[in-house]
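Reviewing the structure listed below.
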Amino acid sequence: MNPSLTLPTRRGTLEPWTPSAAHSVTPPDRPAVSRLAYAAVHVVADSLSPADPREFVSLDWDATLAFRRHIWSCGLGVAEAMDTAQRGMGLDWPTARELISRTGAEADGRRWCAGVGTDQLPAGPASVDAVVAAWQEQLEVVGAAGAVPVVMASRALAAAATGPDDYHRAYGKVLAGVDGPVILHWLGAQFDPALAGYWGHQDVRAAGRELAVLCREHARVLDGVKVSVLDAAMEAEFRRALPAGVTCYTGDDFNFPELIAGDEHGHSDALLGIFDPIASAASAALARLDAGDVAGFRELLDPTVALAREIFRAPTRHYKVGVVFLAYLAGHQNHFRMVGGLESARSIVHLADVLRLADAAGVLPDPDLAVARTRPLLEAAGIR
């Protein structure tokens, strides 16, 4: 088979491309010890379901669970039913609940956490008390499955809250009813515009200070906070304000190597969507960090940043397309279809850029397979 492709560019041209000689790395056989690391994992749609994907959620359960086993085999924890799994963008609560239960049955003592949202609420306005009740219902499901709960930012609370006091009241009620550990999740407006002004502040630093106060009030039951605001300086400032024993998990898919490496004041652990497609490289990099080899850690992880920035380019909420595309190219699933037909949310030019950058970063385990699977997508776009 011809290993070359003709790829489109953002200049409106077509250029020949051949995979480089970059080789993917082999992950270590055990988890990192110097950092906690979770990959927020995607779901695999059932491409043969006869139902309209915009109306009915149907998953390929075998492929979905096999991918979680892949992440565990790389030494990473699984972050289940998060936004990477299309929570709020196609994955409904009944399917998310089944997903959490099935992953719990697979976990067998391996590290995992799972999202606790409010997406079972009916459309339209909801009271703060209704938001609290929805979180509590999902907390029971996640707890019964054996996962560390991740209390996700709620669109319903963002719409209902009139200021910081409402956030303190809502989270206070939820956290007062748990023994811990619990992870809080701050997803910035780049990932979900409906979450603008979360914690009662439009300014991200003011919001961070508000959240730090909440963490100090409830430190006893908190494992940590996932911060996804794509502002490295703000995250470093925020993690220094956290109380002892409360971890900062970076969700910054633009600046993760520097935030995980840390500075003289500390470091961030990881709960990242980008760790889904780069799991092997991420795990190998963390092993170097365990050995005190910061330069080696950066050597492996820095080349993946350009890829992450392309996958998470604005509108950032569509980053799942690049994640699923790379899972298809790597052979983790046999099709490039997504829940809700979301694969159509990115252009063929974007997919071509993702392919180029994944190759340059050495995260294509089988470049020949990647070429073979990209070719029909190009042909469908009229490129031969």
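What follows draws every value from the coordinates through simple rules; no lab data is involved. No experiment lies behind these values; they were computed from the predicted model shown. Every residue, glycine among them, receives a Cβ derived from its backbone with ideal geometry; neighbour counts consider all protein chains shown.
Just one of Arg216, Arg209 is more than 17 Å from Ala153 (Cα to Cα), touching a helix residue (DSSP H, G or I) at 6+ places or on another chain (Cβ under 9 Å) and of a type in the set (Lys, Arg); which is it?
Selected residue: Arg216, the only one of Arg216, Arg209 that is more than 17 Å from Ala153 (Cα to Cα), touching a helix residue (DSSP H, G or I) at 6+ places or on another chain (Cβ under 9 Å) and of a type in the set (Lys, Arg).
Restricting attention to the range 57-80, which residues are closer than 22 Å to Ala281 by Cβ, small (Gly, Ala, Ser) and surrounded by fewer than 18 Cβ atoms within 10 Å (Cβ to Cβ)?
Ala66, Ser73, listed by residue number.
When the residues of the range 68-109 are filtered to those that are within 14 Å of the chain's Cα centre (by Cα) and part of a helix (DSSP H, G or I), which remaining residue is nearest to Ala123 (Cα to Cα)?
Asp83
Is it the case that the range 104-115 has a residue that's touching a residue at least 12 places away in the same chain (Cβ under 8 Å) and on the phi > 0 side of the Ramachandran plot?
So far as the range 104-115 goes, no, none of its residues is touching a residue at least 12 places away in the same chain (Cβ under 8 Å) and on the phi > 0 side of the Ramachandran plot.
Which condition number in (1) surrounded by fewer than 20 Cβ atoms within 10 Å (Cβ to Cβ); (2) touching a Lys or Arg at 6+ places or on another chain (Cβ under 6 Å) is the one that Leu329 fails?
(1)
If a residue must be assigned to a strand (DSSP E or B) and either touching a Gly at 6+ places or on another chain (Cβ under 8 Å) or charged (D, E, K, R) (or both), how many such residues does the range 213-248 contain?
Total satisfying the criteria: 7.
Just checking: which of the helices (runs of 4 or more DSSP H) contained wholly in the range 274-331 hold 3 or more residues that are of a type outside the set (A, V, I, L, M) and within 15 Å of the chain's Cα centre (by Cα)?
320-329
Would a scan of the range 299-321 turn up a residue that is surrounded by 23 or more Cβ atoms within 10 Å (Cβ to Cβ), closer than 30 Å to Leu59 by Cα and touching a His at 6+ places or on another chain (Cβ under 7 Å)?
Yes, the range 299-321 has at least one match.
May I ask you to say which residue of Gly245, Gly251 is small (Gly, Ala, Ser) and surrounded by 22 or more Cβ atoms within 10 Å (Cβ to Cβ)?
Among Gly245, Gly251, only Gly251 is small (Gly, Ala, Ser) and surrounded by 22 or more Cβ atoms within 10 Å (Cβ to Cβ).
Tell me which residues, restricted to the range 361-383, are assigned to a helix (DSSP H, G or I) and either more than 24 Å from Asp276 (Cβ to Cβ) or not small (Gly, Ala, Ser) (or both).
Correct list: Pro367, Asp368, Leu369, Val371, Arg373, Thr374, Arg375, Pro376, Leu377, Leu378, Glu379, Ala380.
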